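Please read the structure below before turning to the comments.
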Amino acid sequence: MATPGKAARNNRSAANGAALLTSRDNRWLKEFRMALRGGLPTENGFVGVEGVRLVEEALRSGCRIQAALFSESGERHHERLASFTDRPEMAFPVLRTTDRLFEGLADTEHPQGVAALVHPRETSFDDFVRAPESACAPLLVVLAGVQDPGNVGTILRTAAAFGATGAATAASGISGTANPFSPKALRASAGAALHLPMLAGMSLPILLAQLKVAGVRTLASSVHEPRDGEQPLLAPWEVDWCQPVALLVGNEGAGLPEEVERGADARIRIPMASGIESLNAAAAAAVVFYEAARQRNAAAEPGIQTSATTRPAKMSDATRPPEKP
């Protein structure tokens, strides 16, 4: 019987040929149970993904895979994933178990019978702030105190869909941010957390200081009215999103701490009809990142002049990049 420490020995096991794991005390099944139902990384830092689509995204992501698991009924999905699981270079075991045991370790109510143990990619700060050649500049999202894993996953999915180049999670005051690699957050992100360069569990003050040194402008999504003497809140279309920018998203109820808002380069708010106080954190992020994508896509089109209707309004000193000496 294979164990997690001997994964490479069974690297080309096919799902329809592997021995059936029939004991709930099997070491492999314990690993999957901890990562899926327990929502915790394994001792070696692997997280659980469940469902054919998420497993497929994990296999596409280039992240290290420790093992894949199919239930008896889940073997119908093996053909869809075979182009990944059967590659010799993938080098991980493909395991089988009963439907009953799979249901006991799954995190979903009606499991599809497919799961994998995945090691999220390791990201340095330099990787985080480095924009790919296809992007005009880094476009980052920093989640500070977003506690609902569904919101965390949805924001990451939205950010990735609109061209974000990196994401970070950090605590905000006493509010921690939900783990972006928990099963619920991964489902909500549709696997985006496995593709984006991610810094998880960062210290917010340290991260903000590093962004400042790196020349990345910080924009705080605000729920507070400006005080006398403070700069007015900017609408998303009043920001130049073609500059290096990090959007700070705070706690669902309390928002960002006041000191974080004051220390940001600018504060933004989405104008809304009277009587509506605020949007859900994930919905607000979608509106903001759509505007960012609109500007960045327009700037990337060769030979297209930015018109008066698409050009962002004049930037405040807080969002204008520093002049070169």
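Within the range 136-153, take every residue that is surrounded by 24 or more Cβ atoms within 10 Å (Cβ to Cβ) and in contact (Cβ under 8 Å) with a residue 60 or more places away in the chain and give me the one that is farthest from Pro183 (Cα to Cα).
Top of the filtered list is Leu139.
How many residues are of a type outside the set (A, V, I, L, M), within 14 Å of Leu54 (Cα to Cα) and either in contact with a Phe, Trp or Tyr (Cβ under 9 Å, 6 or more places away or on another chain) or in contact (Cβ under 8 Å) with a residue 60 or more places away in the chain (or both) when one looks only at the range 154-186?
The total comes to 4.
Looking at the range 233-255, can you tell me whether even one residue there is over 20 Å from Asp148 (Cα atoms), open to solvent by 60 Å² or more (accessible area, probe 1.4 Å) and at pLDDT below 90?
No, because not a single residue in the range 233-255 is over 20 Å from Asp148 (Cα atoms), open to solvent by 60 Å² or more (accessible area, probe 1.4 Å) and at pLDDT below 90.
I'm trying to understand the selection: among the residues of the range 101-148, which are touching a Cys at 6+ places or on another chain (Cβ under 7 Å) and of a type in the set (Lys, Arg)?
Arg121
Quick check, is Lys212 over 18 Å from Gly45 (Cβ atoms) and without any contact (Cβ under 8 Å) to a residue 12 or more places away in the chain?
For Lys212, the condition - over 18 Å from Gly45 (Cβ atoms) and without any contact (Cβ under 8 Å) to a residue 12 or more places away in the chain - is met.
Could you list, in sequence order, all residues of the range 162-191 that are within 13 Å of Leu140 (Cα to Cα) and either buried (at least 22 other Cβ atoms within 10 Å of the Cβ) or within 11 Å of the chain's Cα centre (by Cα) (or both)?
Ala164, Thr165, Gly166, Ala167, Ala168, Thr169
The values are calculated or read from the model by the stated rules, or taken from the named source; none is laboratory data. Treat the numbers as computed from the prediction; the structure is a model and nothing was measured. Positions of Cβ are backbone-derived with ideal geometry, glycine not excepted, and every protein chain shown enters the neighbour counts. All accessible areas refer to the heavy atoms of the entire protein, side chains included, with ligands and DNA or RNA removed. Shrake-Rupley method; radii C 1.70, N 1.55, O 1.52, S 1.80 Å.
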